[in-house]
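Just so it is clear, none of the values below were taken in a lab; they were calculated from the coordinates. These numbers were taken from a predicted model, which means no experiment stands behind them. Reconstructed Cβ throughout: ideal geometry from the backbone, glycine too, with neighbour counts over all protein chains shown.
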Amino acid sequence: MKKIVSLALALLCALTPLAFSSCGSSNATLAEPRAEYTREFEGQTLNVFNWGVYISDGSEGSFDVNKAFENLTGIKVNYTTYESNEAMYAKMKSGAVSYDVVFPSDYMIERMIKEDMLAKLDMTKLTNYDLIDPKYKDLFFDPNNEYSVPYSYGMVGLIYNTTMVEGTPDSWEIMWDEKYADNILTFNNPRDAFGIAQFLLGLDVNSTDKSTWDAAADKLKEQNKVLQARVMDEVFNKMEGGNAAIAPYYAGDFLTMQENNEDLAFVYPKEGTNIFIDSICVPKNAQNYDAAMLYLNFLMEPEVALANAEYIYYGCPNTAVVNNPEYSLYGDEIVYPSEEDMPIVEYFHDIDPEIRSYYEKLWDSVLLAD
């Protein structure tokens with residue numbers, strides 16, 4: 001992925017020399033911002049909490065988004081990462097650390113709004129918001145677009161090593177196949193893991209019927225005997241290194257892995273899969289709200305959004321990126337499948353607290369059954 005990003009940015013610099021004034025050097029200056037930015041908050045520190053490997057960071061020639069924001073505004077970015085919505089939520093709920101910007105997924109945003117954990121955004125300060133495609137606005141988790149700005153989106157699929165797996169799988173069922181025992185990975189978080197079992201069994205991933213969660217838990221316990229490991233970011237090393245044959249993960253991350261291992265392939269299973277939107281939000285207890293508004297607007301800048309889209313390989317909701325023919329994923333069939341090739345998809349919604357507590361206990365029982 002780093003190789004492709006470097007090539008993409010080199011091409012971008014050659015084609016649009018004014019886009020990044022520091023191409024070939026520090027890659028940390030935005031030459032012609034679309035919006036206006038102030039240095040009124042110079043010296044403040046913005047605490048940003050994001051997923052791992054989820055922003056263009058200046059490595060190997062890529063555009064350094066956070067450094068460019070610091071150069072433009074004088075605001076220091078204190079950037080830390082997490083690997084699951086649940087880990088992010090637990091850290092925020094503990095109150096041990098205060099964050100100014102976070103990047104939750106749809107169902108977690110819905111939950112955090114209900115629990116009064118997010119601040120309403122001052123849309124008058126988000127002058128780049130018009131670049132967000134309307135189809136990613138007015139959605140179930142933030143129907144009035146008050147708390148979140150779409151950052152990326154994607155779908156979960158099945159990654160497999162063509163030298164280790166026979167034929168072309170088309171079903172989640174292969175994740176239970178004893179033929180691949182000790183070569184199967186799965187998610188190390190309950191919502192995604194339960195989701196796979198629920199799709200396979202034809203169950204509603206947002207069900208409020210406890211019996212459907214029981215059935216999914218039983219299916220996951222059956223899987224324990226063939227699993228090599230439950231992983232999140234560890235999936236990269238394992239699949240890229242040929243140390244596992246099968247893993248469910250996000251489509252954009254597959255493209256990253258395939259650049260490092262050409263034996264990897266990807267499929268959206270026929271039973272259906274999760275579609276998600278990760279958005280940028282400001283916690284209710286943010287210490288630097290106005291600086292956060294500048295940061296949100298900055299992330300929607302066409303060149304910034306393009307750099308991030310090239311770096312993370314997820315779908316981008318910014319029309320300035322998607323409509324740019326120089327974008328390396330322009331028309332990509334995995335990240336942007338055509339309407340006729342679109343898999344069966346379903347969003348995760350926030351679950352009733354009683355059901356959520358129930359499936360979390362079931363998840364513990366699945367882990368203990370290893």
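Taking the Cα centre of the range 294-370 as origin, work out the dipole magnitude from +1 charges on Lys and Arg Cβ and -1 charges on Asp and Glu Cβ, in debye rounded to 20. Intermediate results must be reported in sequence, preceding the final value.
Numbers: 2 positive and 16 negative charges, 49 e Å.
Its charge dipole is roughly 240 debye.
Measure out, as a whole number of angstrom, how far apart the alpha-carbon centroids of the range 67-104 and the range 109-173 sit.
Cα centroid to Cα centroid, the span is 18 Å.
HN-Hα J couplings of the range 288-304 from phi, Karplus 6.51/-1.76/1.60, θ = phi - 60°, integer Hz, Gly and Pro as x?
Along the range 288-304, the couplings run 10, 4, 5, 5, 5, 4, 4, 5, 4, 5, 4, 5, 8, 3, x, 5, 5 Hz.
For a quick check: with amide H placed at 1.01 Å from N, whose amide H comes under 5 Å from Met164's, ignoring anything fewer than 5 positions away on the same chain?
Answer set, sorted by chain and number: none.
Quick one: angle between helix 85-94 and the longest Cα principal axis of the chain, in degrees between 0 and 90, rounded to 10, please.
For 85-94 against the chain, the angle is about 70 degrees.
What's the magnitude of the charge dipole for the range 221-357 around its Cα centre, counting Lys and Arg as +1 and Asp and Glu as -1 at the beta-carbon? Answer in Debye, nearest 20.
In debye, rounded to 20, the range 221-357 gives about 600.
Please compare each pair in Lys179/Lys225; Lys93/Lys114; Lys67/Lys284 to a cut-off of 20 Å on the Cα-Cα distance and tell me which ones are over it.
From the list (Lys179/Lys225; Lys93/Lys114; Lys67/Lys284), the Cα-Cα distance tops 20 Å for Lys67/Lys284.
What whole number of Å gives the distance from the Cα centroid of the range 238-262 to the Cα centroid of the range 298-343?
The distance from the Cα centre of the range 298-343 to that of the range 238-262 comes to 20 Å.
Can you list residues from other chains, or at least 5 along the same chain, whose modelled amide H is less than 5 Å from the amide H of Ile275?
The list, which skips near neighbours in sequence, is Glu346, Tyr347, Phe348.
Using R₀ = 35 Å, calculate the FRET efficiency as 1/(1 + (r/R₀)^6) where r is the Cβ-Cβ separation of Arg39 and Glu60; round to 0.05.
Working: r = 30 Å, r/R0 = 0.85.
That gives a FRET efficiency of 0.70.
First check a/c for the range 286-355, with a ≥ b ≥ c the square roots of the eigenvalues of its C-alpha gyration tensor; if it is under 1.5, answer rounded, and if not, answer prolate when a/b is larger than b/c or oblate otherwise. Walk me through the numbers before you get to the answer.
Working: a/c = 3.20, a/b = 1.05, b/c = 3.04.
Oblate, since a/c reaches 1.5 and b/c is not below a/b.
What is the range 199-297 by shape, rounded, prolate or oblate, if you read a ≥ b ≥ c off the alpha carbon gyration tensor as root eigenvalues and call it rounded for a/c under 1.5, prolate for a/b larger than b/c, and oblate otherwise?
Oblate shape, in that a/c is at least 1.5 and b/c is the bigger or equal ratio.
Rounded, prolate or oblate for the range 213-370? Axes are the square roots of the Cα gyration tensor eigenvalues, ordered a ≥ b ≥ c, and the cut-off for rounded is a/c under 1.5.
It is oblate, given that a/c is not under 1.5 and a/b is not larger than b/c.
Give me a comma-separated list of calculated 3J(HN,Hα) values for the range 136-152, in order, Karplus coefficients 6.51, -1.76, 1.60 applied at θ = phi - 60°, integers in Hz, x for any Gly or Pro.
For the range 136-152, the Karplus-derived couplings read 9, 10, 6, 8, 4, 7, 8, x, 10, 6, 9, 10, 8, 10, x, 10, 7 Hz, x marking Gly and Pro.
If you filter the range 85-171 for GluC sites (Glu not before Pro), then keep DSSP loop positions with at most 16 other Cβ within 10 Å, what is left?
Within the range 85-171, the qualifying GluC sites (Glu not before Pro) (loop, at most 16 other Cβ atoms within 10 Å) are Glu115, Glu146, Glu166.
Taking amide H positions as placed in the peptide plane 1.01 Å from N, state which residues far from Ser328 in sequence (5 or more) or on other chains have amide H under 5 Å from it.
For Ser328, whose amide H was placed from the backbone, there are no distant partners under 5 Å.
At 7 Å along the Cα-to-beta-carbon direction for both Lys284 and Asp332, put a label point, then send me their distance in nm to one decimal.
3.7 nm
Which one, Met164, Leu185, Val149, projects farthest toward the positive side of the charge dipole computed for the range 73-201 from Cβ point charges (K/R +1, D/E -1)?
Farthest towards the positive end: Val149.
Have a look at the DSSP beta bridges in the chain and tell me what percent are antiparallel, nearest 5.
Of the beta bridges lying entirely in the chain, close to 60 percent run antiparallel.
Where the only charges are on Cβ atoms (+1 Lys, Arg; -1 Asp, Glu), what is the dipole of the chain about its Cα centre, to the nearest 20 debye?
Here the chain has a charge dipole of around 820 debye.
When the Karplus curve 6.51 cos²θ - 1.76 cosθ + 1.60 is applied with θ = phi - 60°, which whole-Hz ³J(HN,Hα) does each residue of the range 307-315 get, with x for Gly and Pro?
So the J values, rounded to whole Hz, are 4, 5, 5, 5, 7, 9, 6, 8, x.
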